[in-house]
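Contents: one structure, followed by commentary.
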Amino acid sequence: MSTNAGWNLDQLKSLLSARSGVRAWVLSQEHTLRRERYFLMDREAFALDQDRETRSEALQLRLMVNLPGKPDRQGEIVKKLTRKLPLGPQLESAYQAALQTDHQAWDLPKTITQELPVLKTADPRVAEDMERVVSDLTDRIRKSVLKKRKTQFNSSELFVSMHNRELHLSNGLTNRSSQSRVYVEAAYSMSRTLPNGKTESDEYLSTQWTVSLDDLPVEKLFDETSDRAEHSLDVRKPLSGRYPVIVDAEVAATILGTALSQFSGVNLYQGLPAMKPGESLIPEAKGDLLTMTLDPELDFGADTAGISDQGVAQKALKVVDKNQVQATLVDAQYAQYLKQSPTTVRGNLVVEPGTMSFDEMKKSAPQVLEILQFSSIFPDPNSGTFSSEIRLARLHDNVRGTVEYIKGGSLSGSLAENLQSARFSKNRVKRSQFGSDFGPSGGAGYFGPDYLLLSDVSVVG
Amino acid sequence: MTASKTLRAPFRSDLNPLREFLPNLIPILESQPGWYGSLYYERKSVKNHMANLKQTNLSDSLSEGIVLRIYDGYTLFEQASDELDSRALERLATSFAERVAKTVPPEGATRRVYAPPSWTERLKATLDPEIRDQIPAGASARTPVHFGIRYLEGPHALGDAEVFARLKVLMDRVKARAVHAGLTEADLTFLMTRQYFGEEEAIFIDRESNLSQTLYRTALLLMAMSGPHRVYERPGGLGGLEIAHYPDEEIDRMLSELASLRNAERLEPGKYRVLLGPVITGILAHEAFGHAQEADTCVRGRSKAWELQKSGELVGNEHATILNNPAIFQNADQPYAAWGSYFFDEEGWLAGEQVLLEKGRLREPMTNLTSAIRLEIPRTANGKRESWSHGVYTRQTNTYFSAGTETLDQLMKKIDHGFLATAAAGGMEDPKGMGIQVGIAYLQEVKAGKLTGRVFRGPAGGDVQLTGYVPDVLNSIVAKSKIDFTDPGADRSKHPVNDAGGCGKYHKEYVVAGCGGPYLLLDQATLG
């Protein structure tokens, strides 16, 4: 019968410290409590399709070992440990496996960061009473669903989770952090019967992640989703050509976030496409000049963190200033490889606002295409390009004074070309995104312009 | 292969005590009349060996947990935990049952009680011999039935040092063969090889069944870059180390495409004749009437396919036949099972082939437990989850078009001017709106039935997107290849090749999925 093998974190640390040949180690432990609910309509009734609760623990060891006869090299393994098995054999197998790998040697920071700022990473309401939060959000979702609309409610999902994490390094550093995560999605559809008796229908799906409940306007999310679904049938395909294109904060976060990988020291060391300080992010930029900061201290950001996994204190770092790259992002390991000081590597992408209002953007050219939703935007971090099918858009024709809804076709762009004359809106919003990875770096946060106006973007209908 | 020589992944004996204990929880999970209780245990261990030009890396992970389930006729409740001590599990099951008992049923909702099938009922289905042969005669509710994946080369036979040595040899072969593609070693700015091996063990128990399965999942990734240009291949499937091989001709083809990409031109957006390779064909099938035929999407009112199936409307031409099949235990002519295969799904339903679309006409969708109950249609083995810590949805396994009758050469000759598309770059579903997005990393130009050597990327220098209205796309299929597409004779393989892919449910819940099929020739495809 699988059971707890009866060892604890202190015993693990003692064994690691006593093992000869071990060079350094990083231990992370994360406890997760997660609640999920899936809602749908059961004929006319608002119904709960699934209700689940998950409790889990993840314990991960990054073990660095000396390689005999190779003073400038080291071995490394990342191993997930389980308390259900005895500790000794797990550590020994990790040690032996690490001996088979080969890395340039590096050391954890010798100086331990003593005082870290107190950061807002978890909503206290989620931390203290998750059941109540789930119940309250369920109630708000139910009320939104029961609101009379021209559209049909299809489904909604609600996820609420707390992640409590401990980080222990062999240099003596210990750090504890917590993060709350909330996810809500809403899907509405619109249908109508055509003269030939057939029914046509389409839907709109909205999703939103957040850390703080205050950043989650449930009612607005449902209203906006229904409103967009209502227009989903009054659409035509776009005419092929090149357009000024407005994208929202989520798309902005995706395509600007893609650029970050090219500032990474990992790319520089590994021979992957990389940009160095002093280079222009956008060649011959003549629009709003981009200024971006990696901010690990943003209140309730998806990647708000006081310290990196290698024990480097994280502070706001300007990565692009008026289109000029300012930094190569390196944690302790790659800083030593590249012979520079470690920098911030975690943090939320904070983008300086521009001067235009959304209305001014819409009127900035004879025709402006406003993307309401891409099907799925795929950015390529190596080439800085991005493309997607258009799920729903509005074409603002400022000559004819019309607004038409667009669906279908695809858009292709590149950072280098379509941000050359880009303009940023003056209003800023916060966005969070969490991937499936439950790890601490699974989040991507954004605080920046709510809209970007791209120029001369290729669209095919 | 004779039965006596067949090697199969065993049920590990350390799990025996847990398996013997778990049936004791079913009465707790069925403590109220009309409840259906079940449980699903999962243990996944994964080893990733990676080598690139600068370093070698190793990650070794283990994830283990159990899902206790109560379906009360209205809602599927799940309690998931990684605490597997018997007393703790008993406490958890008891408190879980109490929580469910206190839940007020949704006002106005219909109660639909479920009874699981007995072995007698299960054995009435058409089962693949790989499944049927592993079920003991006279199996009953308490019989532990184990399914093990077949393999040739033991995945545990090589130590870490030997795996790294093989990866380095592969990298050396790539470097040595660069010259054949007109590249120098210095042109290869980034090179990476990675061997993935996962051992996936599962136990499913309800009042009628006690099932287990062990799958070995092996893949070998090879990626080469020259500046921002990238090519990669990842052969993978269920089996042992027989999967982790890479022939010279594949390396040469990849390097040749990398060399061409360095001089890639930009595509003029428009409508073209395009021949899709198996992986991209698979994405088309998966996004077109794969996702739209997931019954939980239909239950939620989010799929047009449900209405179109009821009306019997044609949504494609005679070539438009799409299947989903988790029971592909021989992937085309390879000696291993397809990536998206298994013996039973995560709700204990045995795998089987299903036709989703037949010559343009929709059939019944794939289901998981609750969607089958709500729609009152047969269950299929498509209840899957990202891991034990995530919720269950209706998901695809191996999705592909049925094979045609022509060889690849014959299809190429049908192109006066157009493209060959073999490098995939993702895709996205639109089950309600019937739009589709199929990403293509680059296109190879074809003129008069021959490759010209010119390569095209998207209008902005990135991926090309194939888009359109699904019925229009499926009506534009001109022809399909055979499974054994280089051989003019009759197909010897039973199923088309399915590549190692992944799948999200809209924008989350990532699972493995096989993706493949025959070559497919489309006319007037919108590319941009």
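Checking each residue in the range B:172-213 for being buried (at least 17 other Cβ atoms within 10 Å of the Cβ), part of a helix (DSSP H, G or I) and within 13 Å of chain A (Cβ to nearest Cβ) picks out only B:Asp187. The number of residues in the range A:85-101 being buried (at least 18 other Cβ atoms within 10 Å of the Cβ) and more than 19 Å from A:Ser17 (Cβ to Cβ) comes to 3. Evaluating B:Arg457 against the criteria (1) touching a helix residue (DSSP H, G or I) at 6+ places or on another chain (Cβ under 8 Å); (2) at the interface with chain A (Cβ under 10 Å from one of its Cβ atoms); (3) under 21 Å from B:Phe289 (Cα atoms) leaves one unmet condition, (3).
Screening B:Ala372 on (1) out of contact with any strand residue (DSSP E or B) (no Cβ under 7 Å at 6 or more places or on another chain); (2) under 24 Å from B:Val145 (Cα atoms) shows it passes everything except condition (2).
A Cβ distance below 7 Å, combined with a sequence gap of six or more or placement on separate chains, defines the contacts here; from the range A:83-106, residues that are more than 8 Å from every other protein chain (Cβ to nearest Cβ) and touching a residue at least 12 places away in the same chain (Cβ under 8 Å) reach residues that are part of a loop (DSSP other than H, G, I, E, B) and acidic (Asp, Glu) in the pairs A:Ala105/A:Asp72. Looking at B:Leu127, is it surrounded by 14 or more Cβ atoms within 10 Å (Cβ to Cβ) and at pLDDT 95 or above? In short, yes.
For the range B:30-47, a tally of residues being more than 14 Å from B:Ala115 (Cα to Cα) and surrounded by 18 or more Cβ atoms within 10 Å (Cβ to Cβ) returns 7.
Please determine whether any residue of the range A:357-365 is part of a strand (DSSP E or B) and more than 14 Å from chain B (Cβ to nearest Cβ). No, the range A:357-365 contains no residue that is part of a strand (DSSP E or B) and more than 14 Å from chain B (Cβ to nearest Cβ).
Of all strands (runs of 3 or more DSSP E) completely enclosed by the range A:382-461, which ones contain at least 3 residues that are more than 8 Å from chain B (Cβ to nearest Cβ)?
It comes to A:385-397, A:402-406, A:428-434, A:443-449, A:451-460.
For the range A:340-392, residues that are in contact (Cβ under 8 Å) with a residue 60 or more places away in the chain and among the small types (Gly, Ala, Ser) total 7. Do you know which of the residues in the range B:140-164 that are more than 14 Å from chain A (Cβ to nearest Cβ) and closer than 13 Å to B:Phe197 by Cβ is surrounded by the fewest Cβ atoms within 10 Å (Cβ to Cβ)? Only one residue fits best here, namely B:Ala157.
When the test is whether a residue is small (Gly, Ala, Ser), in contact with a Gly (Cβ under 9 Å, 6 or more places away or on another chain), in a strand (DSSP E or B) and at pLDDT 95 or above, B:Ala421 passes it. The criterion of being away from chain A (no Cβ under 14 Å) and within 30 Å of B:Leu123 (Cα to Cα) holds for B:Trp349. B:Gly528 falls short of the stated requirement of being touching a Phe, Trp or Tyr at 6+ places or on another chain (Cβ under 6 Å) and within 14 Å of chain A (Cβ to nearest Cβ).
Check the range B:437-455 and report whether any residue there is under 22 Å from the mean Cα position of the chain (by Cα), closer than 24 Å to A:Lys237 by Cβ and of a type in the set (A, V, I, L, M). Yes - at least one qualifying residue is present in the range B:437-455. Among the residues of the range B:216-245, those that are surrounded by fewer than 17 Cβ atoms within 10 Å (Cβ to Cβ), of a type outside the set (Lys, Arg) and either more than 14 Å from chain A (Cβ to nearest Cβ) or out of contact with any Ser or Thr (no Cβ under 7 Å at 6 or more places or on another chain) (or both) comprise B:Tyr232, B:Glu242, B:His245.
Somewhere in the range A:28-48, is a residue over 30 Å from B:Phe77 (Cα atoms), touching a strand residue (DSSP E or B) at 6+ places or on another chain (Cβ under 9 Å) and away from every other protein chain (no Cβ under 12 Å)? Looking for residues that are over 30 Å from B:Phe77 (Cα atoms), touching a strand residue (DSSP E or B) at 6+ places or on another chain (Cβ under 9 Å) and away from every other protein chain (no Cβ under 12 Å), one finds at least one in the range A:28-48, hence yes.
For the range A:1-50, a residue qualifies if it is among the charged types (D, E, K, R), assigned to a strand (DSSP E or B) and closer than 30 Å to A:Pro68 by Cα, and exactly one does: A:Arg23. Residues considered: B:Ser4, B:Ser95. Of these, the only one that is in a helix (DSSP H, G or I) and at pLDDT below 95 is B:Ser4.
Check off (1) over 17 Å from B:Phe164 (Cβ atoms); (2) in a loop (DSSP other than H, G, I, E, B) for A:Ala58 and give me the number that stays unchecked. Single failed check for A:Ala58: (2).
Checked against (1) outside any strand (DSSP E or B); (2) farther than 18 Å from B:Val113 by Cα, B:Ile26 passes all but condition (2). Does B:Gly433 satisfy the criteria of being at the interface with chain A (Cβ under 7 Å from one of its Cβ atoms) and under 15 Å from A:Gly409 (Cα atoms)? In short, yes. Just one of the listed residues (B:Gly462, B:Gly439, B:Gly489, B:Gly468) is surrounded by 24 or more Cβ atoms within 10 Å (Cβ to Cβ), free of Cβ contacts under 8 Å to residues at least 12 places away in the same chain and not acidic (Asp, Glu), and it is B:Gly462.
Here is a yes/no grid of residues against (1) at negative phi; (2) within 14 Å of chain A (Cβ to nearest Cβ):
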residue	(1), (2)
B:Trp306	yes, yes
B:Ser311	yes, yes
B:Glu376	no, yes
B:Ala381	yes, no
B:Lys384	yes, yes
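Being touching a residue at least 40 places away in the same chain (Cβ under 8 Å), outside any loop (DSSP other than H, G, I, E, B), more than 23 Å from A:Val182 (Cα to Cα) and not aliphatic (A, V, I, L, M) is the filter here; which residues of the range A:262-309 pass it? Those that are touching a residue at least 40 places away in the same chain (Cβ under 8 Å), outside any loop (DSSP other than H, G, I, E, B), more than 23 Å from A:Val182 (Cα to Cα) and not aliphatic (A, V, I, L, M): A:Gln262, A:Phe263, A:Ser264, A:Gly265, A:Tyr269, A:Ser280, A:Thr293. Mind checking whether some residue in the range B:131-139 is at pLDDT 95 or above and either under 19 Å from B:Thr218 (Cβ atoms) or hydroxyl-bearing (Ser, Thr, Tyr) (or both)? Looking for residues that are at pLDDT 95 or above and either under 19 Å from B:Thr218 (Cβ atoms) or hydroxyl-bearing (Ser, Thr, Tyr) (or both), one finds none in the range B:131-139, hence no. Looking at the range B:57-80, can you tell me whether even one residue there is surrounded by fewer than 18 Cβ atoms within 10 Å (Cβ to Cβ), outside any strand (DSSP E or B), among the polar types (S, T, N, Q) and in contact with a helix residue (DSSP H, G or I) (Cβ under 9 Å, 6 or more places away or on another chain)? Checked the range B:57-80: no residue is surrounded by fewer than 18 Cβ atoms within 10 Å (Cβ to Cβ), outside any strand (DSSP E or B), among the polar types (S, T, N, Q) and in contact with a helix residue (DSSP H, G or I) (Cβ under 9 Å, 6 or more places away or on another chain).
Summed over the range A:322-331, the residues that are buried (at least 21 other Cβ atoms within 10 Å of the Cβ) and in contact with a Gly (Cβ under 7 Å, 6 or more places away or on another chain) give a count of 3.
The values are calculated or read from the model by the stated rules, or taken from the named source; none is laboratory data. What you see is a predicted model; the values in this text were computed from it and never measured. When we count neighbours, we look across all protein chains shown, and the Cβ atoms used for this are built from the backbone with ideal geometry, even at glycine.
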